[in-house]
Amino acid sequence: MNINENEISEIIKNVIAEMGQNKPQSSNRKQLGVFDTMEEALAEVNKAYTLFRHYNKEQRENIIKEIRKLTHEEAETMAELAVKETKMGNVYHKTLKHHLVADKTPGTEDLECKALSGDRGLTLVEQAPYGIIGAITPSTNPSCTVICNSIGMLASGNGVVFNPHPHAKEVSCYAVDLVNRAVLAAGGPENIVVTVKNPTMETSNIMVNHPTVKMLVATGGPGVVKMLLSSGKKAIGAGAGNPPVVVDDTADIKKAGKDIIDGCTFDNNLPCIAEKECFVLNSVADELISEMQKNGAYLINAEQVKALEDVVLVEVPPKKEGDLPKRVINKNWVGRDAKKILAEIGVNAPSDVRCIICETEFSQAFVQTELMMPILAIVRCDTFEQAMDMAVKAEHGNRHSAHLHSKNVDHMTAYAKAICTTIFVKNAPSYAGIGFNSEGHTTFTIAGPTGEGITSARSFTRQRRCVLVDSLSII
Ligand code: NAD
C-alpha cells in the first residue's frame, strides 16, 4: 500500500490528538467529576447511575482496564502531587503504591453468583450493586484510595461520590478526574464518580444524610468510622491500627531486621498496616538492633527519646474537669523523613538513615500511639508469651494488623489466635499484607471494625436471591 506525505501527516495529527485526549488536565480545563457543591455532585452522579446501572460486566471491565492503564501512566504525577500537597510520605513509594492499586485491585472477576440446584428447582444468589456509595478517604493514601475504591465500586456496578480529606483535596480531585477520563475513554457515562472541589465536614454531612446515597464507606481514623457507623445506613468502616511486630529467637534475625525497617519506612510509615512498635526476645534483641542499624535505622538514647516526645507529641487539654491532659500526635510530623525529624532534636544523621529506633518501656508513648512516622520503639521481653501479651495490648483491640518473625509454628498460631487482627504477616515486611511482593489482592480500605477485611468489588454488593420452583434443575 502506498501512502502519500499528506496522508502520513494526517495520521500523525490524529495520533497526537488521540494521545492528547488521555493526558492530564491542562491548568484551565475543568476537572471531570469535580463540582462546586455536594448537591450538584449528588445530582450528577444520580443522573449517571440511571445509565450505568444497565452496563453489563464486560462494559464495566473495559472501564476498569482503562482506569488501570491511566493509573500506571500517571502514577508518578499523582505521587508527586500527593507529597507536594500533604507534605507526607515520599514520591518513590507513593508511585509504587499507585502501580500496586492498578495491578492488584480486583475487578468484575471478584463477583460470584451462587446457584442452588435441587429437587425443588433452581435458586440463584447474585451480588448486586447498592446504587450510589458515599466514600470518605484519608490524607495518608489519598489518590490510591480514590482509585482503589473506584475500581471496586464500579466493578460491582455502583456510582460513587467521594468526600476526600480536605488536606489532600487537590490530588484526590486529580484522581476523580483520572477515573472520569478513563470511564469516558471506555464509552461510559459522564460523572459516575464525583466529588467536591472543597470537601468539608459540612459536605460530608450532606453526603452521609442524602437519600441518594445507599451505602457509606469510611477509610480513616476512629472519628470518621464512628460517625459513619452511627449514620443509620449500611456502612463499611476501615479504621485506625497500631500494628505490633514480634520477633522471637527462632527468626532469621538478619532478614527480620531488614524486613521490619523496609515495612516501617514504606512511605515514611503512613500505611495503616506498617510496623509501629516492636517486641523482641531479649536473647536476640542486640542482634536485631544491629541488623536494623545496617539497614538505615538510627538508634537514639533515652534522653533523645524524651526530646523526641516533645517534638512529635502535643498536649491537648482535658475534655472534662478532673481528667488529665492527653498527649496526641503532632500532625506536622506525620509521614515526614526520619532525617528531618532527627534534625529537630539536634541530630545530623547520615544520608542513608530512614528510620529512628529506640529502646523503651511498654508504657512509653511511641509504643502506645499510632504515630505514622518512621519511628520504631523496641521493647525487650523475657519470653514469647510476654511479647505476645504486650503486642495484643499495644494493638488496642483495633483488630487491624500484626506481624511476626519466627519459624515456630506454635508461636505463629498462638499469636494469630490471641491478636485477632484482619491482617497477620509472618516473615516479611508489613506491606506483604496488602499483596505487595506477596500473594493476594490489594486494597487501601481494610475494614476491621465492620468485618469485610481486605475489601474488593464483592464488599460493595448486596445479595439478591432469584428463585424458580420445580424447574431448571436439569438432572
Ligand atoms: P482522618 O481520620 O483524620 O481522616 C480520614 C477522613 O475522615 C478524612 O476525609 C477526614 O476529613 C474525615 N473525617 C475525620 N473525622 C471525621 C468526622 N468526625 N466526621 C466526618 N469526617 C471525618 O485520617 P487521616 O489522618 O487522613 O488518615 C490516617 C488514619 O486513617 C490512621 O488512623 C490510619 O490508621 C487510618 N487508615 C486506615 C485505613 C484502613 O484501611 N483501615 C487506611 C488508611 C488510613
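The values are calculated or read from the model by the stated rules, or taken from the named source; none is laboratory data. Values in this document were obtained by computation on a predicted structure and should not be read as measured data. Neighbour counts run over all protein chains shown; Cβ positions are idealised from the backbone, glycine included. Surface accessibility is based on the protein's heavy atoms, side chains included, excluding ligands, DNA and RNA. Shrake-Rupley method; radii C 1.70, N 1.55, O 1.52, S 1.80 Å.
Within region 150-166, is even one residue under 20 Å from the mean Cα position of the chain (by Cα), more than 30 Å from Lys407 (Cα to Cα), surrounded by fewer than 24 Cβ atoms within 10 Å (Cβ to Cβ) and within 15 Å of the ligand (Cβ to nearest atom)?
Yes, some residue in region 150-166 is under 20 Å from the mean Cα position of the chain (by Cα), more than 30 Å from Lys407 (Cα to Cα), surrounded by fewer than 24 Cβ atoms within 10 Å (Cβ to Cβ) and within 15 Å of the ligand (Cβ to nearest atom).
Among (1) touching an Asp or Glu at 6+ places or on another chain (Cβ under 8 Å); (2) more than 16 Å from the ligand (Cβ to nearest atom), where does Asn242 come up short?
Only one criterion in (1) touching an Asp or Glu at 6+ places or on another chain (Cβ under 8 Å); (2) more than 16 Å from the ligand (Cβ to nearest atom) is unmet by Asn242, namely (2).
Give region 256-290 a look and list any residue that's surrounded by fewer than 22 Cβ atoms within 10 Å (Cβ to Cβ) and touching a residue at least 24 places away in the same chain (Cβ under 8 Å), or say none.
Within region 256-290, Lys258, Asp262, Leu281, Asn282, Ser283, Val284, Ala285, Glu287, Ile289, Ser290 meet the criteria.
Looking only at region 328-356, count every residue that is among the basic types (Lys, Arg) and within 16 Å of the ligand (Cβ to nearest atom) and tell me the total.
Matching residues across region 328-356 total 2.
Any residue at all in region 439-455 that's modelled with pLDDT of 95 or more and more than 16 Å from the ligand (Cβ to nearest atom)?
yes
Does region 193-211 include one or more residues that are open to solvent by less than 50 Å² (accessible area, probe 1.4 Å), closer than 22 Å to Cys272 by Cα and touching a residue at least 24 places away in the same chain (Cβ under 8 Å)?
no
What strands (runs of 3 or more DSSP E), lying completely within region 25-143, carry at least 2 residues that are under 22 Å from Ile454 (Cβ atoms), touching a residue at least 12 places away in the same chain (Cβ under 8 Å) and within 16 Å of the ligand (Cβ to nearest atom)?
Where strands (runs of 3 or more DSSP E) fall fully within region 25-143 and carry at least 2 residues being under 22 Å from Ile454 (Cβ atoms), touching a residue at least 12 places away in the same chain (Cβ under 8 Å) and within 16 Å of the ligand (Cβ to nearest atom), they are 132-136.
Of the conditions (1) over 30 Å from Arg68 (Cα atoms); (2) of a type in the set (Asp, Glu); (3) touching a helix residue (DSSP H, G or I) at 6+ places or on another chain (Cβ under 6 Å), Asp267 fails just one. Which one is it?
Of the numbered conditions (1) over 30 Å from Arg68 (Cα atoms); (2) of a type in the set (Asp, Glu); (3) touching a helix residue (DSSP H, G or I) at 6+ places or on another chain (Cβ under 6 Å), the odd one out for Asp267 is (1).
Which of the residues that make up region 434-456 are open to solvent by 20 Å² or more (accessible area, probe 1.4 Å) and within 17 Å of Thr145 (Cβ to Cβ)?
Residues satisfying the conditions are Phe436, His441, Pro449, Thr450, Glu452, Ile454.
Which of the following residues is more than 16 Å from the ligand (Cβ to nearest atom), open to solvent by 60 Å² or more (accessible area, probe 1.4 Å) and at pLDDT 95 or above: Arg399, Arg380?
Arg380
I'd like to verify a number: residues in region 299-325 that are within 16 Å of the ligand (Cβ to nearest atom) and open to solvent by 40 Å² or more (accessible area, probe 1.4 Å), how many?
Total satisfying the criteria: 3.
Could you please find all residues in region 267-290 being part of a helix (DSSP H, G or I) and either within 27 Å of Gly237 (Cβ to Cβ) or of a type in the set (D, E, K, R) (or both)?
Asp267, Asn268, Asn269, Asp286, Glu287 - these are the residues of region 267-290 that are part of a helix (DSSP H, G or I) and either within 27 Å of Gly237 (Cβ to Cβ) or of a type in the set (D, E, K, R) (or both).
So, in region 327-364, how many residues would count as being part of a helix (DSSP H, G or I), surrounded by 18 or more Cβ atoms within 10 Å (Cβ to Cβ) and touching a Phe, Trp or Tyr at 6+ places or on another chain (Cβ under 9 Å)?
Within region 327-364, residues that are part of a helix (DSSP H, G or I), surrounded by 18 or more Cβ atoms within 10 Å (Cβ to Cβ) and touching a Phe, Trp or Tyr at 6+ places or on another chain (Cβ under 9 Å) number 4.
Kindly indicate which of Ile261, Ile236 is hydrophobic (A, V, I, L, M, F, W, C), under 24 Å from Ile423 (Cβ atoms) and within 14 Å of the ligand (Cβ to nearest atom).
Selected residue: Ile236, the only one of Ile261, Ile236 that is hydrophobic (A, V, I, L, M, F, W, C), under 24 Å from Ile423 (Cβ atoms) and within 14 Å of the ligand (Cβ to nearest atom).
Considering region 291-326 alone, what residues qualify as being among the hydrophobic types (A, V, I, L, M, F, W, C) and outside any strand (DSSP E or B)?
Once the filter is applied, which keeps residues that are among the hydrophobic types (A, V, I, L, M, F, W, C) and outside any strand (DSSP E or B), region 291-326 yields Met292, Ala302, Val305, Ala307, Leu308, Val311, Val312, Leu324.
Looking at Thr200, Thr212, which is the one that is within 12 Å of the ligand (Cβ to nearest atom), more than 26 Å from Thr442 (Cβ to Cβ) and polar (S, T, N, Q)?
Just one listed residue meets the conditions, Thr200.
Only residues in region 222-233 that are of a type in the set (A, V, I, L, M) count as the first member; pair them with residues that are part of a loop (DSSP other than H, G, I, E, B) and more than 7 Å from the ligand (Cβ to nearest atom), Cβ under 9 angstrom, at least 6 apart or cross-chain, and list the lot.
So the pair list comes out as Val225/Pro449; Val225/Thr450; Leu229/Pro449; Leu229/Thr450.
List every residue pair whose Cβ atoms sit under 7 Å apart, with the two residues 6 or more apart in sequence or on different chains, where the first one lies in region 150-165 and is at pLDDT below 95 and the second, anywhere, is open to solvent by 10 Å² or more (accessible area, probe 1.4 Å).
Every condition considered, no pair remains.
What tally of residues in region 167-192 results from selecting those that are within 12 Å of the ligand (Cβ to nearest atom), open to solvent by less than 10 Å² (accessible area, probe 1.4 Å) and in contact (Cβ under 8 Å) with a residue 40 or more places away in the chain?
The number of residues fulfilling the criteria is 1.
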